[in-house]
Amino acid sequence: MASSIRVRATANGDITEVQALIQHPMDSGFVKDAKGELIPAHFIQELKFEYNGKDVFVADWGPAVSKDPYVKFSFKGANKGDDLKISWTDNKGASDTTIAKIS
Amino acid sequence: MMKRPAAILLGSAFVALAAFAFAATRVVAADKIDPAADAKAFQNFFFQKFPNVKREDFVNGPYSMNEDMKRQWQEKEEFPPYEFALDAGKEMFATPFKNGRTYADCFPNGGIGIRQNYPYFDEKEGKVVTLELALNRCREANGEAPYSYVKDEMASLTAYMAFTSRGKPMDIRIPDDPRALEAFENGKRYFYARRGQMNFSCASCHVQSPGERIRAEILAPALGILNALPIYRSEWSGMGTTSRRFITCNSQTRAVPLEPQADEYRDVEYFLSYVANGLPISGPGARP
């Protein structure tokens, strides 16, 4: 299966701009399915971007974040060709990790 | 009586009225059906109404009408929300059925770069065949269960097929067959007929008012509106097919939607695609 995480990280001088799209249902726990039964809450709790073993962006998320969330941020001090590690963990204990090259 | 060439040259509002009038008189008088002239009039109407919009830009729907939205969209396109569907569609398209055959076996040119030829008129069946219909028929012919016409797998498949056809001009043919002309005419009638509690026709929004706001949204022009399908709509937080687009339009004007791939929907898709001939395929698209 393809990764649930898409990342694009571009270094421009000192600043690295990161964009990420994550495939996840992000069910809030308040929505009913076609049969009228509640869809249990299922959402990403922690999203983390690591550079050189150091966290550069950590998000504590809850059920109010939209489906297939998109994140954009920038940080200082990375170089072209370096690795950026992205990982998430959800409330059911599932997780995914990917490593992107900064271009 | 007003002559058509005269009407084309006159002001845009007048052309809209003329188009309505023609649609109405045709039904009764059963004039000669002339799709080529209809397409020309349809395109000229939009070109004259929006002289500053590049012709190939109409397929970008509301973004062709509003600079601000266009900039937001261009940024979004760097990381488009339909990317997951596109990848899923590519994988599904390449995965063989249980009997070992693939989607590619059902389509000309292995299904690659052919989106611009759909829908087409099938002279054997005597009806319009859309891409979605052809995909499900392909599945059924190979012993697989058909997909829902409105979203998910179907939208992923058509997203991939549209992507392989991006930039190719829409190229819908109307064969010399009275039934094909009838299908075109039915589609046109469906497009201009008012229905539902709000008494809207498709044209009320997408011919009379493109670029205008309807609550928070900007209406897309009817010209080339299907070239961008399937679309990821933020409102749906997911992908939708041409069928879903029609059904949503009907229910938003409080009309009773038809079943996906009902004859009327097939015919209106035929009409709308034909009048967009020459404009590039831009699907899969992203819309608010």
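Can you tell me the orientation of helix B:83-94 relative to chain B, as the angle in degrees between its alpha-carbon axis and the longest Cα principal axis, to the nearest 10? On a 0 to 90 degree scale, this one is about 60.
Legend: translational diffusion of chain A by Stokes-Einstein, Rh = Kirkwood radius over C-alpha pairs, 25 °C, 0.890 mPa s; D = 168 µm²/s.
Going from the residue with the fewest nearby Cβ atoms within 10 Å to the one with the most, A:D27, A:D83 rank A:D83, A:D27.
The label-point distance for B:R213 and A:A34, in a model that sets each label 7 Å from Cα toward Cβ, rounds to 3.7 nm. Among the cysteines of chain B, those whose beta-carbon sits 4.7 Å or more from every other cysteine beta-carbon are B:C202, B:C205, B:C249. For the pair segment A:73-103 / segment A:1-36, the C-alpha centres are spaced 12 Å from each other. Among A:F75, B:F42, A:F43, sorting on how many other beta-carbon atoms sit within 10 Å of each Cβ, with the fewest leading, yields A:F75, A:F43, B:F42. Relative to the longest principal axis of the Cα atoms of chain B, the long axis of helix B:67-76 makes an angle of roughly 10 degrees.
Quick check for you: which residues of segment B:274-288 have the amide N under 19 Å from the point 7 Å beyond the Cα of B:R71 toward its beta carbon? Within reach of a label on B:R71, which here means backbone N under 19 Å from a point 7 Å along Cα→Cβ, segment B:274-288 contributes B:288. A straight line joining the Cα centroids of segment B:105-167 and segment B:258-277 runs 14 Å. Helix B:178-192 and the long axis of chain B differ in direction by around 70°, with both axes built from C-alpha atoms.
Can you give the log10 of the normalised intensity I(q)/I(0) at q = 0.11, 0.22, 0.25, 0.26 Å⁻¹, computed with Debye over equal Cα scatterers of segment B:83-163? For the requested q values the scattering log ratios are -0.26, -1.10, -1.39, -1.48. Diagonalising the gyration tensor over the Cα atoms of chain B and scaling each eigenvalue by 5 before taking the square root yields semi-axes of 30, 23, 17 Å, largest first. Computed over the Cα atoms of the protein assembly as shown, pair by distinct pair, the Kirkwood hydrodynamic radius stands at 23.0 angstrom.
All of the numbers you see were taken from the coordinates with simple rules; none came from a lab. All values derive from a computational prediction rather than experimental measurement. Ideal geometry is used to build each Cβ from the backbone, glycine not excepted, and the neighbour counts take in all protein chains shown.
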